[in-house]
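Notes follow the structure.
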Amino acid sequence: MRELFKEEARALLSACKVGHLGCVDNGDPYVVPINYVLEGESIYSHSLPGRKIDALRTYPNACLQVDEIKNDLEWRSVIAFGKFEEIRVPSDRRSILGKLLARFPLLTPVESAMVQDAAAPDSVVFRIRIDRITGVAEG
């Protein structure tokens, strides 16, 4: 096993579309899959209100883990650590939702409608502002 160079880790984080968001919910670890877009030093995503958003609002430290697994002996894994921040400015929300929709054109009609009405209070657009990225590989 070897540690990934920063450029390798970032390239994998950029290439993947689905990651596992890790956060803390009432003192317990909580991990859920999310789709996302990496831009600059932030990971952008969206959600309806619920357990993960409540947890992130309470304790904003979070991480996103992605991997590429070819077989048991050939794989790469990256974790990006950072802080949760809600995006509240309607034009910023619309821009981010547009980027998510462009990357994931098969999002549900509800999610597509969120792009049109970026001010909708029931949708949460957020970023994880990256503090550090680590990665390892086998093979």
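The values are calculated or read from the model by the stated rules, or taken from the named source; none is laboratory data. Everything numeric here is computed off the predicted structure, so don't read it as measured data. We place every Cβ from the backbone using ideal geometry, glycine too, and count neighbours over all the protein chains shown.
Listed here are the residues, each with its yes/no results for (1) of a type in the set (F, W, Y); (2) under 25 Å from V136 (Cβ atoms); (3) touching a strand residue (DSSP E or B) at 6+ places or on another chain (Cβ under 6 Å).
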{"site": "A9", "(1), (2), (3)": "no, yes, yes"}
{"site": "L13", "(1), (2), (3)": "no, yes, yes"}
{"site": "P29", "(1), (2), (3)": "no, yes, no"}
{"site": "T58", "(1), (2), (3)": "no, no, no"}
{"site": "D67", "(1), (2), (3)": "no, yes, yes"}
{"site": "I79", "(1), (2), (3)": "no, yes, yes"}
* Structure fact -> Taking first residues from region 51-72 that are among the basic types (K, R) and second residues anywhere that are surrounded by fewer than 17 Cβ atoms within 10 Å (Cβ to Cβ) and modelled with pLDDT of 95 or more, the pairs with Cβ under 8 Å that are 6 or more apart or on different chains are R51/D25; R51/Y30; K52/D25; K52/Y30; K52/V32; R57/E86
* To do: Looking only at region 64-83, decide whether some residue is buried (at least 18 other Cβ atoms within 10 Å of the Cβ), touching a Lys or Arg at 6+ places or on another chain (Cβ under 7 Å) and either part of a loop (DSSP other than H, G, I, E, B) or of a type in the set (A, V, I, L, M, F, W, C) (or both).
  => no
* To do: Answer yes if at least one residue in region 87-107 is touching a strand residue (DSSP E or B) at 6+ places or on another chain (Cβ under 6 Å) and assigned to a strand (DSSP E or B), and no otherwise.
  => yes
